[in-house]
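> Structure incoming, see below.
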Amino acid sequence: MKKSLIALAVLAAASGAAMAQSSVTLFGIVDTSVGYINKANAAGDSVYGLSTSGNATSRLGFRGTEDLGGGLKAGFWLEGEIFGDNGNANGFNFQRRSTISLMGNFGEVRLGRDLTPAYAKASSYDLFGQTGIGQFKGWTEYLTTYGIPGVTADTNNIRSSNMVAYYTPNFSGFTGGVSYGFDEQTVGKTGRYAGGYAAYDNGPLSVTLAYDQRNFGFTGGTGEHKIATLGASYNLDVAKLSAIVQQSKYDNDAGGSAKFNNYAIGASMPVGAGEFKLQYALYDQKAISSKAQQLSLGYVHNLSKRTAVYGTVA
């Protein structure tokens with residue numbers, strides 16, 4: 001049997017003399033907090049202690065760009081999560097983002113592991129930035145609650161590996177992004193991802209419609225996860241209003257399914273060097289007519305451009 005291997009080299013990062021023509025940035029965030037959770041398990045026990053990423057995700061990364069001329073730029077981005085409470089006992093990696101990209105007047109083409117475009121834009125309407133106990137849980141409620149055996153974390157459609165993504169330039173406030181994540185298998189399509197978004201941002205108004213789906217495998221079969229999200233915000237200067245309407249649906253060939261209608265509405269208000277945030281969320285699991293409500297209140301006080309203290313109750 002004759003095997004053929006065809007490879008297309010899109011971008012490459014070089015060291016040495018090439019670095020002199022590039023800009024490389026080391027960046028990161030360390031976020032550590034003390035927290036308390038009432039009724040942390042089915043027995044009603046409570047837990048308290050140190051935690052990480054209560055207001056912003058702790059991270060460490062490297063990013064860089066090189067001007068190729070003619071309006072073209074090449075870039076790379078390597079980013080991993082760090083843990084202020086235990087130093088990341090599992091070891092540091094670049095699971096948060098590992099991409100190379102080509103940018104120009106046409107927009108941006110990005111290759112590698114990254115946030116999916118649909119999630120990256122639609123989740124921006126969560127006033128708690130998808131971190132800490134106050135965050136909107138629409139993208140994670142099913143996997144974390146029911147723990148489907150054998151399912152990976154990427155099934156929540158937040159990130160995807162082996163992804164090709166395209167982001168449009170800004171057309172008078174209109175932007176969009178589409179992506180496809182390869183399953184890299186000879187048979188089947190477990191791990192395959194596809195999705196995108198369309199958005200309009202003009203002055204105080206922002207509106208986004210996003211949709212994506214992923215084929216996943218689990219112990220006992222395969223399934224599909226589909227998410228449709230509509231998000232919007234309006235900045236009144238004295239306060240910013242934000243809302244999310246979402247449907248998240250799981251189906252599998254073992255005969256199981258789950259559908260959630262999720263909603264969030266909130267407001268943030270700048271006060272001096274700080275900001276108050278109030279958000280209400282409703283998670284409605286249609287299959288068993290079960291509902292959960294979440295009320296989150298937070299305050300962030302900026303001591304400087306880099307340092308802040310915060311408190312959140314949910």
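Bear in mind that the values in this text are calculations on the coordinates, not laboratory data. These figures come from a predicted structure and were not determined experimentally. Cβ sites come from the backbone with ideal geometry, for glycine too, and all protein chains shown count toward neighbours.
> Return the FRET efficiency for the residue pair residue 185, residue 93: r is the Cβ-Cβ distance, R0 is 30 Å, and the value is rounded to the nearest 0.05.
FRET efficiency, residue 185 to residue 93: 0.85.
> Can I ask one more? Restricting the calculation to Cα positions, tell me the Rg (one decimal) and the Dmax (whole number) of segment 224-314 in Å.
Both quantities, over Cα of segment 224-314: 17.3, 55 Å.
> Let me ask something else. Please work out how much length the chain gains when fully extended from residue 297 to residue 219, using 0.36 nm per residue of separation minus the C-alpha to C-alpha distance, in nm with one decimal.
24.2 nm
> So for segment 23-105, averaging the separation of alpha carbon pairs under 8 Å that are six or more residues apart and normalising by length, what relative contact order in percent results?
27 percent
> Could you let me know the centre-to-centre spacing of segment 150-196 and segment 200-259, using Cα atoms, in angstrom?
Between the Cα centres of segment 150-196 and segment 200-259 lies a distance of 14 Å.
> Per residue and in cubic angstrom, what volume does the convex hull of the Cα atoms of segment 23-105 have?
Cα convex hull per residue, to the nearest whole number: 126 Å³.
> Would you look at the GNM of the chain, springs on alpha carbons closer than 10 Å, and say which of 181, 69, 231 moves the most?
Most flexible of the set in this elastic network: 69.
> Please give the calculated 222 nm ellipticity per residue for the chain, where each DSSP H segment of at least 4 residues contributes -39500 (n - 2.57) and the sum is spread over every residue; nearest 500 deg cm²/dmol?
Counting only the DSSP helices, I get -1000 deg cm²/dmol.
> By how many nm would the segment from residue 239 to residue 63 lengthen if fully extended, with 0.36 nm per residue of separation less the alpha-carbon distance?
Full-extension gain reported as 60.0 nm.
> Largest first and to the nearest Å, give the Cα extent of the chain along each principal axis.
Sorted from largest, the Cα extents of the chain read 60, 54, 44 Å.
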